[in-house]
1. Among 7-20, 36-49, what's the highest-first ranking by average C-beta atoms within 10 angstrom per residue?
2. Taking 0.36 nm per intervening residue step and subtracting the Cα-Cα distance, what contour gain separates ARG36 from ALA5 on full extension?
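Any read-out appearing in this document is the output of simple, stated calculations on the displayed coordinates, not a laboratory observation. The structure presented is a predicted model; accordingly, all values stated were derived computationally and were not measured. Cβ: placed from backbone, ideal geometry, glycine included. Neighbour counts: every protein chain shown.
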Amino acid sequence: MEVLAWTLIALGALAIAAYAVHITRRHRRDASCLARSIHRIAPALLAAGLDPAPAL
């Protein structure tokens with residue numbers, strides 16, 4: 001069970017990093033749409049952060 005929790009924590013961290021890279025690359029030239037994208041991606045980031053909670 002401990003391995004599962006650490007695996008889910010690692011996957012959540014990777015998902016957050018992937019979203020951060022995606023947002024950075026997408027809005028490199030047009031920063032005005034950044035707020036809208038952050039609001040769209042926020043639920044996915046929250047889910048990635050809460051994913052390992054049941055295993056803990």
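1. Working: 7-20: 13.9, 36-49: 12.4.
Highest to lowest by the protection proxy: 7-20, 36-49.
2. Working: separation 31, 0.36 × 31 = 11.16 nm, distance 3.18 nm.
Using 0.36 nm per residue and subtracting the Cα-Cα distance, I get 8.0 nm.
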